[in-house]
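Q: I am attaching a structure below and will ask some questions about it afterwards.
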Amino acid sequence: MLESVALHEPLDDKNPFFAWMVAEVFLNTSGHSMHSMHYEPEEALALVMRARHKGARVQELAAQLRAWTTH
């Protein structure tokens, strides 16, 4: 979800923030809680930007998100 939203830019403004929020909601509805104490906002933005510019593969994005989630 994060990569799809980051790449396709559904919004004219604030797209990286929207991509992050979609990923967070998706993970929460899947039973994986995102806690801001597990990551810094700058780290989240960097992850979105890597996804947006294809600087990270899906497996790398998933691994980083997994590190920031709890069940």
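Q: With a 1.4 Å probe and every protein chain left in place, work out the accessible area per residue of the chain in Å², rounded to a whole number.
A: With all protein chains present, the chain gives 67 Å² per residue.
Q: Report in % the part of the accessible area of the chain that belongs to carbon and sulfur, leaving out ligands and nucleic acids; probe 1.4 Å.
A: Here carbon and sulfur together make up 57 percent of the probe-accessible area.
Q: Then there is this: Relative to the Cα centre, what is the charge dipole magnitude of the chain, using +1 at the beta carbon of each Lys and Arg, -1 at the beta carbon of each Asp and Glu, and rounding to the nearest 20 debye?
A: On the way: 6 positive and 9 negative charges, 52 e Å.
Value, rounded to 20: 240 debye.
Q: Also: Do me a favour and compute the ellipsoid semi-axes for the chain from its Cα gyration tensor, root of five times each eigenvalue, largest one first, whole Å.
A: Details: eigenvalues 66, 33, 26 Å².
So the equivalent ellipsoid measures 18, 13, 11 Å along its semi-axes.
Q: At 222 nm, what helix-only mean residue ellipticity would the chain give, in deg cm²/dmol to the nearest 500, using -39500 (n - 2.57) for each DSSP H run of four or more?
A: -19000 deg cm²/dmol
The values are calculated or read from the model by the stated rules, or taken from the named source; none is laboratory data. Computed from a prediction, not measured in an experiment: that's the story for all the values here. For neighbour counting, all protein chains shown are included, and Cβ atoms are generated from backbone atoms with ideal geometry for every residue, glycine included. When the accessible area is computed, the model is the full protein with side chains, heavy atoms only, and any ligands, DNA or RNA have been set aside. Shrake-Rupley method; radii C 1.70, N 1.55, O 1.52, S 1.80 Å.
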